[in-house]
Amino acid sequence: MSARLSATTTALSSVLAAHTFSVIGNTITVFAMPFLVRSLGGSAADVGLATAVATIPVVVGGPLSGVLIDWLGPRRFSIFSDLISGLTVLAIALLSSSDDTPARYGME
């Protein structure tokens, strides 16, 4: 019985650790996005737009998560949401490393 409890505790600890790192990463992204836009020469309106775009998934995703968890299952939903989050952060990194990013989005 003790070995089974230990395996369950280890699995739960792993899931909680992964969730913690995911939430920390999402929070840093939402916090850093306006600073990135401003450092690229964005106006106050651009910073506000970036903040809104970074926050909308949190506001919209909250109520929809329960439905998606029921539909996909908790494990697949967790993998799916972390994949989407990772792809979004990758897109931000690729776009911000581009030399013509401010010109592309009218931030000159």
query = Computed over the Cα atoms of region 18-104, what is the ratio Rg over Rh, Rh following Kirkwood?
reply = 1.03
ask   = So which chymotrypsin sites (Phe, Trp or Tyr not before Pro) in region 5-55 are both in a DSSP loop and have at most 10 other Cβ atoms within 10 Å of their Cβ?
value = none
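Since every read-out is calculated from the coordinates, none of them should be taken as a lab result. Everything numeric here is computed off the predicted structure, so don't read it as measured data. With ideal geometry, Cβ positions are generated from the backbone for all residues, glycine too; neighbour counts draw on all protein chains shown.
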